[in-house]
Amino acid sequence: MRNKLVIAATLVAAVITGTAAGAVVNTPEQSFWAQIRYGASAGDGDYLFDSLADVTPGASDSAAFKAAAALVQGTIVDIEPGIAFASDDSEGSSAIVAYDSEDAAIRYASLVVRVDKVLAGQLGQGYADGKIRLQVEHPATSTLAELKDSIGTAGTGLMYVHNLAARQQLLGRPVTDPAQLTYAQSVHVPIGEGLFVEESAGSPVIAPLMDGERAAQLLGYTYVPEEEAEPAPTSTCDDDLCPQPTGKPDATATSVPAGEPETAPTTTTAPTTTVAPTAGTAPTLSALRTRLVASACAEGTATDSSSC
């Protein structure tokens, strides 16, 4: 198993829309998340948990899946270089290379998130000056400068997060390589691909790291395939890093950092159909926050008891 640090889909779960045949040409009008989705590398996602309640800080383990450390509301204010590797193969370890090196086979950028409020659980390592850095795969079809130019469209979101080093420790796979440990201590990963973004005030949230059908099922809105589907969604994890599914009919993806994959009794195949809901059917950020905080209240991890 390789030791490099990634978001799995596991990280990243997780399912992101991949590139269409041929290159995608970025335009100034292309949103931040459109660039992230269309430029992600391919992979297969597996599914571990049943509902967002399983991701809530304090929730009991769902098979091999462990809940997030914190639920935060935050605004994405910047994107920075994160870490790059010389290989994206699924065997052995891969050398860290300079982020802008021609030898970099895969890169992971850091979204700079201004934490507006910790809603449940707590942030520790990697939380400084009111900000965390969230690991996402840097799409091959966009430069860092292009992503920075569109950061104003990244929006505000609700995020289930865990510090990467702490997550690895929790899963029994502590990071020992000094360079990777320094990086892991500085970033968070979205657990269960739990990133729900309001791109503009009052608009329905999107779940840019999730497969569209699973997002609809988890968030409780209408699942309607588009007549002209976008390219098939792909995962941010590789096969050796994706956790094995529980076989539950309503399970979905989970973020798994580097190291040995989480396992579960049976295997299912991740859905690959690209879908989109009809306009306005996803919840608003406010409505979703009420629901997620209620789950945290049930677990006794909500930070504001008056909200329970």
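The values are calculated or read from the model by the stated rules, or taken from the named source; none is laboratory data. All figures in this text were calculated on a predicted structure; none of them were measured in a lab. Here the Cβ positions follow ideal geometry from the backbone for every residue, glycine too, while neighbour counts run over all protein chains shown.
Note on region 133-155: among residues that are surrounded by fewer than 20 Cβ atoms within 10 Å (Cβ to Cβ) and under 18 Å from the mean Cα position of the chain (by Cα), the one that is nearest to S203 (Cα to Cα) is T153. Note on region 200-227: residues that are touching a helix residue (DSSP H, G or I) at 6+ places or on another chain (Cβ under 6 Å) and either surrounded by 24 or more Cβ atoms within 10 Å (Cβ to Cβ) or within 30 Å of G124 (Cα to Cα) (or both) amount to 4.
Please tell me if A59 is more than 15 Å from the chain's Cα centre (by Cα), modelled with pLDDT of 55 or more and outside any loop (DSSP other than H, G, I, E, B). Criteria not met by A59. Restricting attention to region 139-197 and to residues that are part of a strand (DSSP E or B) and of a type in the set (F, W, Y), the residue that is nearest to A67 (Cα to Cα) turns out to be Y160. Given the condition assigned to a loop (DSSP other than H, G, I, E, B), hydrophobic (A, V, I, L, M, F, W, C), at pLDDT below 90 and in contact with a helix residue (DSSP H, G or I) (Cβ under 8 Å, 6 or more places away or on another chain), answer yes or no: does some residue in region 21-32 qualify? Yes, region 21-32 contains at least one residue that is assigned to a loop (DSSP other than H, G, I, E, B), hydrophobic (A, V, I, L, M, F, W, C), at pLDDT below 90 and in contact with a helix residue (DSSP H, G or I) (Cβ under 8 Å, 6 or more places away or on another chain).
Evaluation of T75 against the conditions (1) surrounded by 18 or more Cβ atoms within 10 Å (Cβ to Cβ); (2) at pLDDT 60 or above shows that the sole unmet condition is (1). Restricting D100, D116, D78 to those that are of a type outside the set (F, W, Y), farther than 25 Å from C308 by Cβ and touching a strand residue (DSSP E or B) at 6+ places or on another chain (Cβ under 7 Å) reduces the list to D78.
The selection criterion, being more than 21 Å from A53 (Cα to Cα), in a strand (DSSP E or B) and in contact with a Lys or Arg (Cβ under 7 Å, 6 or more places away or on another chain), does not hold for V136. Is at least one residue of region 108-131 at pLDDT 90 or above, loosely packed, with under 12 Cβ neighbours inside 10 Å and over 21 Å from A70 (Cβ atoms)? Checked against the condition, which is being at pLDDT 90 or above, loosely packed, with under 12 Cβ neighbours inside 10 Å and over 21 Å from A70 (Cβ atoms), region 108-131 yields no hits at all.
Here is a yes/no grid of residues against (1) surrounded by 17 or more Cβ atoms within 10 Å (Cβ to Cβ); (2) touching a Phe, Trp or Tyr at 6+ places or on another chain (Cβ under 9 Å); (3) at pLDDT 95 or above; (4) under 27 Å from A53 (Cβ atoms):
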| site | (1), (2), (3), (4) |
| --- | --- |
| P81 | no, yes, yes, no |
| D89 | no, no, no, no |
| S94 | yes, yes, no, no |
| L158 | yes, yes, yes, yes |
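Taken over region 289-308, the residue count meeting the criterion of being exposed (fewer than 13 other Cβ atoms within 10 Å of the Cβ) and at pLDDT 95 or above is 2. Within the span defined as region 63-71, one or more residues are on the phi < 0 side of the Ramachandran plot, in a strand (DSSP E or B) and not aromatic (F, W, Y).
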